[in-house]
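As structure tokens, the structure follows; a few thoughts come after it.
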Amino acid sequence: MADETQNLSRRDMMRIGATGVAATGVAVAGVGSLPVHAAEQASGKLPTRRYGRTGLEIGWLIGASDWSKELVPRAVAAGVNYWHKAQAWNKDSIPAVLKRQPRESYYLECVVDRVNGDHTRGKIDEEQHYQFVKHRLKESGVGYYDVFKFHFDYHSIEEAKSNPGMVRAFERLKKEGLVKHLAISQHHYNSIGGDMAWEIMHYLADNRPYEATQFFYTYGDRKEVQEWIEVAKKKDIGTIAMKTMGGVGRASHDAKFQKLLADPRYKDSTPAAAMVKWLKSNDNLTAAVIATKNFDQFRENAGAAVLAMTPKDHEMLALLAGYNKGLTCLLCAQCVSACPEHIGVTDIFRYERYARDYRDLDRARKEYAALTRNGTSCVGCGECLPSCIQEIDIPAKLRDVHNLLG
Ligand code: SF4
Ligand code: SF4
């Protein structure tokens, strides 16, 4: 069985490496003339980039512990070597393909959340975070985690200044050789009177021992995110983009959008491939998390990650951006500051994304149900409308999302 899996992986690798993403409709003709690293093309492997001060050389696509058993070996063969949410694996569920390899040949990230909470609730508690990681190490038998990642993150610079509990838990574990590097997954908190992700990350880069950051980033995003990526590169802070595929999922299920793709202008590109190539074209960005449900999606993304953008990809992104206008929230949180009701519009529309783009209605409904203020709190005042970079009718969309998830 193991050999069969390996053989499949090799065949898949050949498809990714030798024929690029032909199976997805993206042509490879002319690839040789594009400025792609020859070694990347020759090996068919994902490119790697240095994850900031951690010094880890990580594959450009990030793997996740919730990927299917069938997908993981293929992803490993393609060069995925960094696994987030790895704390979810125990001795029985950690993929055999990883167990077979020397431990130092792949990187495991342990997500550490606020205690008894979510993004807006819960507390930072040094002892409990310390014990949590020790417990997960015992259950998983992996020996150590390469990256300790604070999730359900700082709500404000003030909290990052005054509450050292997460950093202390990391430092204790590091002394014992149980974790190696410190990272954070940072969200915006203007809905609860806190700071924006980039404000907090700028502070952490200069004042706390965080070596790497993860944050929302997609095509058309705010300039402050772009600026953070540039600054992070200069300061040698690693950067992984999350929620990267703004609108790609819903467009792929929209018959009207699919009809538009018949135009020769878009031949030889796809929304997903164009988005991957665009993300990858930012040399300052270390890597990307892309929600991946099956091998076809992975193959499309991995194939695109070894290619450079073409004029057709630019056309495709322009088409997608037009489709997204008025429809797809980019999770920028600009509107939230204007809302007198302090509605977490970004969170609500993020859950809509789980439902409409990832097709995970259960998760979307579960997250939506946990909100203290949902779409019904909107009084329709319209204060948020001028700030929306996507020109979305926010009150109408809140009603629509509530009907879907409420
Ligand atoms: S319309 Fe609704 S979401 Fe927009 S600012 Fe008013 S209350 Fe907030
Ligand atoms: S609704 Fe508009 S302003 Fe608000 S987070 Fe989404 S894209 Fe940004």
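Among V231, V345, V133, V179, rank each residue by its count of other Cβ atoms within 10 Å, from fewest to most, as a rough exposure measure.
V231, V133, V179, V345
What ranking do S337, S65, S281, S191 get, fewest neighbouring Cβ atoms within 10 angstrom at the top?
S281, S337, S65, S191
Quickly estimate the mean residue ellipticity at 222 nm for the chain, helices only: each DSSP H run with n ≥ 4 gives -39500 (n - 2.57), and the total goes over all residues, rounded to 500.
Dividing the helical sum by the residues of the chain leaves -12000 deg cm²/dmol.
Using Cβ counts within 10 Å as a stand-in for footprinting exposure, how do H253, H151, H129, H402 rank, fewest first?
Ranking H253, H151, H129, H402 by Cβ neighbours within 10 Å, fewest first, gives H253, H402, H151, H129.
Calculate, in nm to one decimal, what E139 and E227 gain on full extension: separation in residues at 0.36 nm each, minus their alpha carbon distance.
27.7 nm
Tell me which residues come under 5 Å, amide H to amide H, from T213 once H is placed; ignore anything under 5 positions away on its chain.
Long-range HN contacts for T213: I184, G238, T239, I240.
Go through the range 182-190 residue by residue and turn each phi into a ³J(HN,Hα) via Karplus (6.51, -1.76, 1.60, θ = phi - 60°); whole Hz please, and just put x for glycine and proline.
Running phi through 6.51 cos²θ - 1.76 cosθ + 1.60 with θ = phi - 60° gives 10, 9, 9, 10, 10, 10, 8, 10, 5 Hz.
For a 21 Å ceiling on Cα separation, which of these pairs sit above it: K99/K138; K138/K174; K85/K138; K161/K234?
Where the Cα-Cα span goes over 21 Å, the pairs concerned are K161/K234.
Amide H to amide H under 5 Å from L56: which residues, 5+ apart in sequence or cross-chain, H placed 1.01 Å off N in plane?
Y51
Expressed as a whole number of Å, what is the distance separating the alpha-carbon centroids of the range 337-406 and the range 101-172?
Each part reduced to its Cα centre gives a spacing of 29 Å.
Which of the cysteines in the chain are isolated, no other cysteine C-beta under 4.7 Å?
C110, C329, C332, C339, C378, C381, C388 - these cysteines have no disulfide-compatible partner (Cβ-Cβ under 4.7 Å) in the chain.
Through the Karplus equation 6.51 cos²θ - 1.76 cosθ + 1.60, θ set to phi - 60°, convert the phi angles of the range 279-287 into ³J(HN,Hα) values in whole Hz; use x for Gly and Pro.
Per residue, the Karplus-derived 3J(HN,Hα) values read 4, 5, 5, 7, 5, 7, 7, 6, 6 Hz.
L330: net charge of surrounding residues, Cβ under 15 Å, Lys/Arg +1, Asp/Glu -1, itself excluded?
Residues near L330 contribute +3 overall.
So for each of 82-91, 221-230 I average, over its residues, the number of other beta carbons within 10 Å; can you give me the resulting order with the highest mean first?
So the peptides 82-91, 221-230, ranked by packing, come out 82-91, 221-230.
Which three semi-axes in whole Å describe the equivalent ellipsoid of the chain, each the square root of 5 times a Cα gyration tensor eigenvalue, listed largest first?
For the chain, the ellipsoid semi-axes come out as 31, 30, 19 Å.
What translational diffusion coefficient, to the nearest whole µm²/s, does the range 309-406 have by Stokes-Einstein, given a Kirkwood radius computed over alpha-carbon pairs, a temperature of 37 °C and 0.692 mPa s viscosity?
Roughly 233 µm²/s, to the nearest whole number.
Of all DSSP beta bridges located in the chain, what percent are antiparallel, nearest 5?
Within the chain, antiparallel bridges account for around 15 percent of the total.
If I take R0 = 51 Å and measure r between the Cβ atoms of D393 and Q131 in this structure, what FRET efficiency does the formula 1/(1 + (r/R0)^6) give, to the nearest 0.05?
So the FRET efficiency works out to roughly 0.60.
Starting from the Cα of R363, step 7 Å along the direction of its Cβ; do the same at N163; then give the gap between the two resulting points in nm.
2.5
For the range 171-181, in order, what is each residue's ³J(HN,Hα) by Karplus, 6.51 cos²θ - 1.76 cosθ + 1.60 with θ = phi - 60°, in whole Hz (x at glycine and Pro)?
5, 5, 5, 5, 4, 8, x, 9, 9, 10, 9
With Cβ to Cβ distances under 12 Å as the rule, what net charge do the other residues near N116 carry (K, R +1; D, E -1)?
Net charge around N116: 0.
Take the Cα of K234, step 7 Å along the line toward its Cβ, and report every residue of the range 187-211 whose backbone nitrogen sits under 17 Å from that point.
Counting only backbone N, you get 198-207.
Amide H to amide H under 5 Å from Y107: which residues, 5+ apart in sequence or cross-chain, H placed 1.01 Å off N in plane?
Residues meeting the amide H criterion: Y82, W83.
Just so you know, all these numbers are worked out from the coordinates, no wet-lab data involved. Owing to the predicted nature of the structure, the values given are computational and were not obtained by experimental measurement. Heads up, the Cβs are rebuilt from the backbone with ideal geometry, glycines too, and the neighbour counts pull from every protein chain shown.
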